[in-house]
2 protein chains.
Amino acid sequence: MAATEGNGVAVRLADVAREAGVSPATASRVLNGSSRKPAEEIADRVRVAAQRLGYFPNAQAQALARNTAGLVGLIVHDIADPYFSSIARGVQQGLGENGVQLLLNSTGRDPQRELAAVRAFMSHRTDAILLAGSRSQQEDHELMEALRRYQDNGGRVAMIGQPLPAAGGVQLDNAGAAAALADELLKLGHRRFAVLAGDQSLATARDRVEGFVGKLRDAGVEPVAVREGAFTRDGGYHTAGDLVRDGLLEAGRQTCVFCANDVMALGTMTAVRERGLRLPDDVAVAGFDDIPTLGDMFPSVTTVRIPLEEIGRMAGEMVMEDGDARRLVVSGHPVLRESTRPVGA
Amino acid sequence: MAATEGNGVAVRLADVAREAGVSPATASRVLNGSSRKPAEEIADRVRVAAQRLGYFPNAQAQALARNTAGLVGLIVHDIADPYFSSIARGVQQGLGENGVQLLLNSTGRDPQRELAAVRAFMSHRTDAILLAGSRSQQEDHELMEALRRYQDNGGRVAMIGQPLPAAGGVQLDNAGAAAALADELLKLGHRRFAVLAGDQSLATARDRVEGFVGKLRDAGVEPVAVREGAFTRDGGYHTAGDLVRDGLLEAGRQTCVFCANDVMALGTMTAVRERGLRLPDDVAVAGFDDIPTLGDMFPSVTTVRIPLEEIGRMAGEMVMEDGDARRLVVSGHPVLRESTRPVGA
DNA sequence: CTGAAAGCGCTTACAG
DNA sequence: CTGAAAGCGCTTACAG
């Protein structure tokens, strides 16, 4: 039989009830935990019937009757990005074993698709919507409006990474962690810095750069360059190449390059190496995120570890709780490796 | 007002109909594409009313009435693993812009949780279930049974990566790609090989090793070692360390180590380096998967590229089509980089 | 073209 | 404790 539309021939609660010789109401109470507890003897009959018939409750019908879907929606920029996939894993953990299912939507940073995702989740009457990743405040008016209405209807909203005025969530202290990294690098003796700032229209990139440069200035150190570029591996590769071309990175004078994320640091390392400079003697490199492969690079790469999975987990737990979504801030911490070893150390 | 359960106060189709002065049937036909097309003038009134009231169709109610949920379920071992997150991204692409939403479940390779995920998806009456990643054939009896029943009820099933007797899907020619890699390495002049086989209870690992070693033997070359271990970065690290300890990897005699996946190759490189051997002069290394950071390693790492995203996309498209799910095989191809440069080349 | 009515599969006050 | 009945929000033959 060819697979056609839908699932109509599935066994229904009414079938189970008939098989067990009870009413649908009773069968429902036995099978789907209610406060009313039918007699053990009857309950057994129902369970046996359900088992024999291979009954699976129709979640759609339950959602309609109960007015709660058992669904939580997660919106990320790109699920193939380790940053978001780690968060996604954490979110699922945080949701726990309550049978809540995760609806995932990966939007490619497209505001139109983000809005469409929120609307789709609203249609599916998800109990909560989790939004991960920073976005520009600009064209988000419609998004905010949709989320507000969702909340008015009892939906819970939590932001992951970037705060939102009207919603709780779990955010990262990017600025503080970047400052802590700067502090460590200064302690190591670095004094000459360049900054690959990534895309400064992203709050995440901005906060990291501000935190880092701010701490430098507190110590009376001014970076020799702060360059914007794509917030990607290629962005790091090209911007670092520019720095070499412009004579800011050169042999014999160690410069510490802070990249606003790890993939930019990887691009930087390759660009620097291709131009014949030594790592870390000529160019020291630090990133941000602690993506998985960093420790196996050569030299291993200094970065800031952020507990992505935990952030996701906390957000997941948060939307499973009662009460208003709180606002939590978690901090990352510097992980010093070989790529920032000062010359002569 | 505190966010409580559910979404009950949302505006309903009946509200829109009343506002527009038409019947719910007409409103439904205007708003949710039916073959019957109401008059333009009326349709406009309905659309305006829906807009003014901020109407969102209740997907649960639609699913119940239409007997199709607009949901597809994806089951992976670990969404934080780049292998699976790339597939997940592809799947979402393959689903297209039809408004179908993705239900994601990450099971941690636990057969119990896989079964629970399938059951949950069945409850939610997903139109299709996609299973990614290989699993052992053993305790899967219950799983197979559940999937069979799902299919009997009209659900579509597609496997990603590993074939399944009763279902179509997209699989990878692991053995063929591994053989192609072996061939390239032989052409480069490598003659002394060791194999880190990973967990041989996984079909994926087994196929890769068999394909690789088979091609070697065809050329009259027997590997000096084939060692099992965890299919992880640490598995590679420890197993490679053992090889050094046992004198199979040593300075001055280049051995090419084939690792059944990339993360094992990364662990291998670090282990080898820590023991003072040179890459690739003493130890050449090749992996499998082409995870993102490989090209920025030093030396850059030879591997087999598998089009994960495309595999996911094909599977997504497949379950959106009519007719029986086909069985597609896609092949990876070797990517030669610095880590397998032969001595003297 | 439009609408009244039945039905999708469950849950849950309300009676008994 | 158990069941009959109404209702959740939509869709769709069936009449008109």
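The values are calculated or read from the model by the stated rules, or taken from the named source; none is laboratory data. Computed from a predicted structure; not experimentally measured. Note that each Cβ is placed from the backbone with ideal geometry, even for glycine, and that neighbours are counted across all protein chains shown. Ligands, DNA and RNA are excluded from the accessible area calculation, which covers all protein heavy atoms including side chains. Shrake-Rupley method; radii C 1.70, N 1.55, O 1.52, S 1.80 Å.
Here are the numbers for this structure:
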| quantity | calculated |
| --- | --- |
| Sequence ranges B:188-200, B:259-271, B:215-227, ranked by mean other-Cβ count within 10 angstrom, highest first | B:259-271, B:188-200, B:215-227 |
| Crossing angle, helix B:174-188 versus chain B [Cα axis fit, 0-90 degrees, rounded to tens] | 40 |
| Anisotropy class of the stretch B:13-57 from Cα gyration tensor, a/c 1.5 cut | prolate |
| Neighbourhood charge, 13 Å Cβ-Cβ cut-off, centred on A:Arg337 and excluding it, Lys, Arg +1 and Asp, Glu -1 | -3 |
| Beta bridges by DSSP in the protein assembly as shown, antiparallel share as percent, to the nearest 5 | 15 |
| Amide hydrogen neighbours beyond the local backbone of B:Arg327, cut-off 5 Å, H modeled | B:Gly169 |
| Inter-copy spacing of B:Arg327 label points, which lie 7 Å from Cα along Cα→Cβ, given in nm from shortest upward | 5.7 |
| Estimated FRET transfer efficiency when R0 is 60 angstrom, pair B:Asp199-B:Ile42 (beta carbons, to 0.05) | 0.40 |
| Peptide A:100-112 - average C-beta neighbours from other chains (10 Å radius) | 4 |
| Rounded, prolate or oblate (a/c below 1.5 giving rounded, otherwise prolate when a/b exceeds b/c) for the stretch A:161-276 by Cα gyration tensor | oblate |
| For chain B: relative contact order, % (alpha-carbon pairs under 8 angstrom, 6 or more apart) | 17 |
| Label distances, nm, B:Phe298 versus same residue in remaining copies, Cβ-directed 7 Å point | 1.0 |
| Shape call, the protein assembly as shown: gyration tensor on alpha carbons, a/c limit 1.5 | oblate |
| Antiparallel DSSP beta bridges within chain A, percent to nearest 5 | 10 |
| Karplus-derived HN-Hα couplings along the stretch A:140-146 (A = 6.51, B = -1.76, C = 1.60, θ = phi - 60°), whole Hz, x at Gly and Pro | 7, 4, 4, 4, 4, 4, 5 |
| Anchor A:Lys187: aspartates and glutamates whose Cα lies under 16 Å away (excluding residues fewer than 8 positions away in-chain) | A:Asp218, A:Glu222, A:Glu338 |
| Around B:Leu279: net Lys/Arg minus Asp/Glu count, Cβ-Cβ under 10 Å | 0 |
| Shielding by partners - mean other protein chain Cβ count within 10 Å, residues of A:143-156 | 3 |
| Beta bridges by DSSP in the stretch B:233-345, antiparallel share as percent, to the nearest 5 | 40 |
| Inter-copy label distances at A:Val224 (7 Å, Cα→Cβ; nm, one decimal) | 4.5 |
| Net charge of Cβ neighbours under 15 Å - reference A:Gly229; Lys, Arg +1; Asp, Glu -1 | -1 |
| For the stretch B:262-274, 3J(HN,Hα) per residue [Karplus equation, 6.51 cos²θ - 1.76 cosθ + 1.60, θ = phi - 60°, Hz, x = Gly/Pro] | 5, 5, 5, 5, 5, x, 4, 4, 5, 4, 5, 5, 4 |
| Spin-label pair A:Glu145/B:Val226, simplified geometry with 7 Å Cα→Cβ offset, distance in nm | 6.4 |
| Interface size B-A, as summed buried accessible area [1.4 Å probe, Å², nearest 100] | 6200 |
| Residue mean of other protein chain beta carbons inside 10 Å, A:289-295 | 4 |
| Highest-fluctuation residue, B:Asp290, B:Asp15, B:Asp246 considered, GNM on chain B with Cα pairs under 10 Å | B:Asp15 |
| GluC sites (Glu not before Pro) restricted to the stretch A:130-204 and DSSP loop, no more than 13 other C-beta within 10 Å | A:Glu139 |
| Angle between chain B longest axis and helix B:308-320 axis [Cα atoms, degrees, rounded to 10] | 30 |
| Within the protein assembly as shown, helix-based [θ] at 222 nm, where runs of 4 or more DSSP H residues each add -39,500 (n - 2.57), nearest 500 | -13500 deg cm²/dmol |
